[in-house]
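Each remark here refers to the structure printed beneath this line.
We did not get these values from a lab; they are worked out from the coordinates using the rules stated. Since the structure is predicted, the reported quantities are computational estimates derived from the model, not experimental observations. Note that we place each Cβ from the backbone using ideal geometry, even for glycine, and neighbour counts take in every protein chain shown.
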Amino acid sequence: MKRRDFVRAAGAALPLAGCAPAAVAASGPLVPPTASRSGARSFRHSVTRWPFGEWPLEQLCEVAVDLGIESVELVQPTDAPTLDRYGLTCAMTAHPEEAEDALRKGWNREAHHATLVPAYRRQLAATAEAGWPHLICFSGNRDGLDDATGLEAMARGIEQILPDAERLGVTLCIELFNSKVDHPDYMGDSTAWGLELVERLGSERFKILYDIYHMQIMEGDVIRTVSDHLDAFAHFHTAGVPGRHEIDESQELFYPAILRALDAAGFSGFVAQEFIPPGDPREALADAIARCSV
């Protein structure tokens with residue numbers, strides 16, 4: 001199941017939460033953490049919801065707590081009460097449900113702004129209310145549009161909601177995707193394009209979600225890239241290349257070295273597992289966390 005399909009299905013199935021996150025948190029986590037962060041590691045562990053969609057959210061939360069993962073991400077703010085019960089945060093809020101095709105119809109066309117601007121304003125407010133730090137956004141597909149024009153259109157669109165992000169203390173993060181395998185025609189498919197957009201907007205509340213899997217497919221050179229441009233990256237995703245499966249020896253990336261580079265650079269944000277486990281999901285997730293716990 002692809003991410004956009006899971007998010008759409010999950011959003012339709014989840015009831016609206018009737019209690020405020022603060023009220024739930026006051027009663028204490030349902031399951032206390034059984035593993036603590038390493039004092040020597042600068043970054044924190046997260047896991048994305050959609051690859052583990054066969055599990056109820058509560059089960060994923062239980063596994064996360066057991067493995068020392070602090071965040072379950074790409075969920076909606078209405079999921080905050082569930083995460084709060086387990087003492088978890090959401091390191092990256094999913095895009096607004098009313099902008100369900102935002103990956104393809106993103107910010108790079110002004111025609112989409114009439115839908116995206118109000119939807120993202122509401123999502124920013126809900127993210128802040130939940131106490132979560134980041135909100136994902138997407139360039140959208142080229143569909144014949146040149147990259148410079150698309151970048152300028154996205155900048156103008158984001159500028160409309162950036163004051164909200166700055167006021168609320170939520171960082172908007174554009175995810176870079178590969179356009180070779182998974183997301184044909186996606187505009188934000190290079191680090192250079194993302195860095196130019198970050199520079200154009202010039203705000204600490206707009207950064208890059210650097211997906212290691214996607215950028216390995218597009219350009220490689222991962223360790224040098226993350227080391228040289230860490231100030232522009234707020235968040236990281238993992239998966240094995242090729243196949244988007246486990247990050248073990250069956251694929252070409254050596255994640256311990258990548259994570260050591262992030263740690264050496266002092267990255268203090270979240271690294272989220274976003275691979276599709278073909279076998280036992282808990283074993284795969286436990287193995288991935290062990291490999292990334294430098």
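Just for the range 3-292, what percent of DSSP beta bridges are antiparallel, to the closest 5?
5
Multiply the residue separation of E283 and S42 by 0.36 nm, subtract the distance between their alpha-carbon atoms, and state the gained length in nm to one decimal.
84.3 nm
Give me the tail of P(r) for the range 3-292 as a percent: Cα-Cα pairs with distance above 34 Å.
When every Cα pair of the range 3-292 is considered, 14 percent fall beyond 34 Å.
List the trypsin sites (Lys or Arg not before Pro) within the range 147-188 that DSSP assigns to loop and that have no more than 15 neighbouring Cβ atoms inside 10 Å.
Answer by residue number: K180.
Quick check on the chain: helices-only [θ] at 222 nm, where DSSP H runs of length 4 and up contribute -39,500 (n - 2.57) each and the sum goes over total residues. Nearest 500, please.
Theoretical 222 nm ellipticity from helices: -12500 deg cm²/dmol.
For the range 218-294, which GluC sites (Glu not before Pro) pass both filters: DSSP loop (anything but H, G, I, E, B) and at most 15 other C-beta atoms within 10 Å?
Of the GluC sites (Glu not before Pro), the ones in loops of the range 218-294 whose Cβ has at most 15 other Cβ atoms within 10 Å are E219, E249, E252.
Non-local amide H neighbours of H245 (under 5 Å, H modeled in plane, Pro and chain starts lacking H): which ones?
G240, I276
Considering only DSSP states other than H, G, I, E and B, which GluC sites (Glu not before Pro) in the range 96-146 qualify as loop sites with at most 12 other Cβ atoms within 10 Å?
Filter output for the range 96-146: empty list.
Report the normalised scattering of the range 114-156 as log10 I(q)/I(0) at q = 0.15, 0.16, 0.23, 0.31 Å⁻¹, calculated by the Debye formula with identical scatterers on the alpha carbons.
-0.49, -0.55, -0.85, -1.09
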